[in-house]
Every structure is written in C-alpha cells, then in structure tokens.
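Novice: Take a look at the following structure, please.
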Amino acid sequence: MIRIQLQIELAYEVTDPNGADFVFNIHAAHTPAQAISSESLMISQPLTPQVHTDPATGNRYMRLTAQPGWLKLWYAATVDLTHHRADPATLAEIPVRDLPQEVIGYIYPSRYCQSDRLVKFAINEFGRLWQGHGRVQAIQDWVRRHVTFTSNTSNSNTSAVDTLIEQVGVCRDFAHLMVALCRAVNIPARFATGTDFGADPALGPPDFHAYVEVYLGHRWYIFDPSGTAIPMAFVRFGTGRDAADVAFATIFGGVRAQAPVIRAWAMEDAAKGIELPYHCNQALSTDSGRVPLTTS
C-alpha cells in the first residue's frame, strides 16, 4: 500500500464586480482502490460550496461563486493507494464488441484528442504490432521519444494534432497525444489528473500532472507518457475524455490566478505494509475491474 499526504493551495483575485463562478476538481477521487482516510478544505470567503461525486468515475467536482476580491483555498488529504498489479504480458486488448457500455465513449474522438484525424498515421505506426499491453507501451514510448518536454510551449487550446506537429509540450500534451493514438487503433484510453510526485525539481516546483489510463484486460491501467513522475504515487483527482472534463479549475468571470502551490509526500510504515513509491515493471491499476461480458 502507498500512503500519500497531499496539500494544495490555490489563490485567485476576482476582478469581476459581479463575482465569478468556479468548478474545481481538486478533491481526491473516490475509487475502490483509493481510500481517503482524512481530508480538509478551507476557503477564505464565507461560502458554502457544492460538492458532487460522479457515480461513474468517482470524480468529485466542487462548485462555488466567489465575490470580488481574493479567493484562497486550502485542501489537504491523506490517501491510501492499493494497486492491482499484473504481468504486462498477460494483458490483452478488448474487442470493441466486448467493451462495457461505460467504456465505449473512450474510443471516440474528443475535443483535444482528435483520434479520427490520426487513424491512418496510427495504423501505419502501430497497426501491425502484437495487440495487448505491448502495443500500448509502444505508443507510450513513441510519444516519449518524439515529443520534448518543455514548459510554456503550449496553451489551453493545444490539441493532440498540434502536439504531433510541434513535437513539444508539457504533460497535458503528452497525455492527449497518447490518448488519441490509442483510440485511433480502437483501444479505449482516458485522460487522468493527479500530481507529479517524484518529478525532477529541475522541471519546476511540484504541480498538477496529466497521465493516461488505458483499458486492457477489463481494467484501467496507468501510463505516464511524459515520464516525469512515479505512477505508483498518482493520487487520482479525475478521469475524463480529455482535459476539458477534468481541469483542476474551470472559471467563469474575470479572474487573475496565481500559480498553485502543491506539496505531496509519501509515508512509510513497514509494520502496516505501507511502502514508498517506486518505478516498477508491473502494470498498475487503481480500478476494481469488470467481469468480462458473456454471450448466451
């Protein structure tokens, strides 16, 4: 088991005299393998936020309306991760006809992952590879080899096609491109958000992190195409079709934002089976899995 202590500080100056509406996705998600043993939230303005949990994904969205002036939020949580681990060689792709209904949506194109525009390219690059975890690994490795991680090289409009052309970006762009290439060869893939635990300090201060979950062997397995963090330590905030579904903050109104302040550290307690995160060769999932479909 992995135990992560997490702290997030956000600060915004609301300049609109009518206030501003916010939708946050900064709460640790409720999943079968991600247990939240404690958490707290403080808000500088006297507000009563609404928190909704998506029953399909476990994503938790917080909505609030802030008044003009400063809005500051402090979120803290202790999260225990119990990973399902598998030998990558045993993980097969699931034919479209056998996909659960809730997974089907993740083989379609989306705003930032235009897989329909990448079908020919993806088939030429990956269509002849042995199907299964190895093909997904090949897609991740291709993205990592051909895209250079460079801060401040993309923006909120940058899509997978843009990243394929420019061959530069940040974790969000790596994730969008990998998702789009997987979907282009009919492998369900979704965009996931967490924090960049274990990232090289040379890349900058700790930050939110985008990674990928791919549906193999009737589970969602974790992939980190940017390769900047330790997947075993990813505390999931949200999963969706792309970044539009799980932005950590979506803002409606005039606002000036400060850079988020994020702290995450791992605990170790051998007596309780709590170990420090590390890079491993096994496939990791924090999903409970799905019983394969059967036909009568």
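What follows is calculated from the coordinates using simple rules that are stated; it is not laboratory data. On a predicted model such as this, the values are computed, not experimentally measured, just so you know. In this analysis, Cβ positions are derived from the backbone assuming ideal geometry, glycine residues included, and neighbour counts consider all displayed protein chains.
Novice: So what J values fall out for the stretch 235-252 if you push phi through Karplus, 6.51 cos²θ - 1.76 cosθ + 1.60 with θ = phi - 60°, rounded to Hz, Gly and Pro as x?
Specialist: 8, 6, 8, x, 10, x, 5, 6, 4, 4, 7, 9, 4, 5, 8, 10, 10, 10
Novice: How would you rank Val143, Val185, going from fewest to most other Cβ atoms within 10 Å of each one's own Cβ? Show your work: numbers first, answer last.
Specialist: Values: Val143 28, Val185 21.
The order, fewest Cβ neighbours first, is Val185, Val143.
Novice: Of the DSSP beta bridges with both residues in the chain, give the percent that are antiparallel, rounding to the nearest 5.
Specialist: Of those bridges, close to 95 percent are antiparallel.
Novice: Still on this model: Please identify every one of the chymotrypsin sites (Phe, Trp or Tyr not before Pro) in the stretch 88-139 that sits in a loop by DSSP and has no more than 12 other beta carbons within 10 Å of its own beta carbon.
Specialist: Values: sites: Tyr106, Tyr112, Phe121, Phe126, Trp130; in loops: Tyr112, Trp130.
Within the stretch 88-139, the qualifying chymotrypsin sites (Phe, Trp or Tyr not before Pro) (loop, at most 12 other Cβ atoms within 10 Å) are Trp130.
Novice: What residues qualify as long-range amide H neighbours of Arg236, i.e. H under 5 Å apart, gap of 5 or more or another chain, H built at 1.01 Å from N?
Specialist: Here Ala29 satisfy the definition.
Novice: Can you give the net charge of the other residues whose Cβ lies under 14 Å from the Cβ of Phe237, counting K and R as +1 and D and E as -1? If you can, show how the numbers build up before the last one.
Specialist: Numbers: positive: Arg60, Arg172, Arg190, Arg236; negative: Glu39, Asp54, Asp196, Asp207, Glu213, Asp245.
Overall, the nearby charge balance is -2.
Novice: Additional query: Which entry is the computed log10 I(q)/I(0) by the Debye sum over Cα atoms at q = 0.07, 0.08, 0.09, 0.16 Å⁻¹ for this structure: (1) -0.30, -0.39, -0.48, -1.20; (2) -0.33, -0.42, -0.52, -1.56; (3) -0.26, -0.35, -0.44, -1.35?
Specialist: Matching entry in (1) -0.30, -0.39, -0.48, -1.20; (2) -0.33, -0.42, -0.52, -1.56; (3) -0.26, -0.35, -0.44, -1.35: (3).
Novice: In the neighborhood of Val212, defined by Cβ-to-Cβ distances under 10 Å, what is the net charge if each Lys or Arg adds +1 and each Asp or Glu adds -1?
Specialist: -1
Novice: For a quick check: sort Trp220, Trp142 by the number of other beta carbons within 10 angstrom, fewest at the front.
Specialist: Numbers: Trp220 26, Trp142 17.
Ranked by crowding around the Cβ, least crowded first: Trp142, Trp220.
Novice: Could you work out the equivalent-ellipsoid semi-axes for the stretch 86-244, taking the square root of 5 times each eigenvalue of the Cα gyration tensor, largest first, in whole Å?
Specialist: Working: eigenvalues 107, 61, 42 Å².
The equivalent ellipsoid of the stretch 86-244 has semi-axes of 23, 18, 15 Å.
Novice: Once the other residues with Cβ under 10 Å from the Cβ of Gly253 are scored (Lys, Arg +1; Asp, Glu -1), what is the net sum? Please report the intermediate quantities before stating the final value.
Specialist: Working: positive: none; negative: Asp16, Asp21.
Once positives and negatives cancel, what remains is -2.
Novice: Would you mind telling me the antiparallel percentage of the DSSP bridges in the stretch 86-244, rounded to 5? Intermediate values should be presented prior to the final figure.
Specialist: On the way: 15 of 17 bridges.
Antiparallel bridges make up about 90 percent of those DSSP assigns within the stretch 86-244.
Novice: From the phi angles alone, apply the Karplus equation (6.51, -1.76, 1.60; θ = phi - 60°) to the stretch 90-102 and give each ³J(HN,Hα) in whole Hz, x where the residue is Gly or Pro.
Specialist: Each residue's phi maps through the Karplus curve to give 8, 9, 9, 6, 9, x, 3, 5, 9, 6, x, 4, 6 Hz.
Novice: Mind grabbing the base-10 log of I(q)/I(0) for the stretch 82-149 at q = 0.28 Å⁻¹? Debye formula, identical points on the C-alpha positions, no solvent, two decimal places.
Specialist: Taken in order of the listed q values, log10 I(q)/I(0) reads -1.32.
Novice: Say the dipole of the chain comes from +1 at the beta carbon of Lys and Arg and -1 at that of Asp and Glu; which of Phe248, Pro68, Leu129 then lies farthest toward its positive end?
Specialist: Of Phe248, Pro68, Leu129, it is Leu129.
Novice: Can I ask one more? Evaluate the relative contact order of the stretch 150-234 (contact order divided by residue number), counting alpha-carbon pairs under 8 angstrom at least 6 apart; express in whole percent.
Specialist: Working: 137 pairs, mean separation 21.9, N = 85.
About 26 percent, as a whole number.
Novice: I would also like to ask the following. Which helices count as membrane-span-like in the chain under these terms: full DSSP H, at least 18 Å along the axis by C-alpha, Kyte-Doolittle mean of -0.5 or more? Kindly include the intermediate steps, with their values, before the conclusion.
Specialist: Numbers: long enough: 133-146 (20 Å, -1.21); 171-184 (20 Å, 0.80).
Membrane-span-like by this criterion, though nothing is claimed about a membrane: 171-184.
Novice: Expressed as a rounded percentage, what relative contact order does the chain have, with Cα pairs under 8 Å and six or more residues apart? Don't skip to the answer; put the middle values down first.
Specialist: On the way: 687 pairs, mean separation 84.5, N = 296.
With pairs under 8 Å counted, the relative contact order is 29 percent.
Novice: For the stretch 86-244, what's the relative contact order in percent, using C-alpha pairs closer than 8 Å and at least 6 residues apart?
Specialist: Working: 298 pairs, mean separation 43.5, N = 159.
Normalised by residue count, the contact order of the stretch 86-244 is 27 percent.
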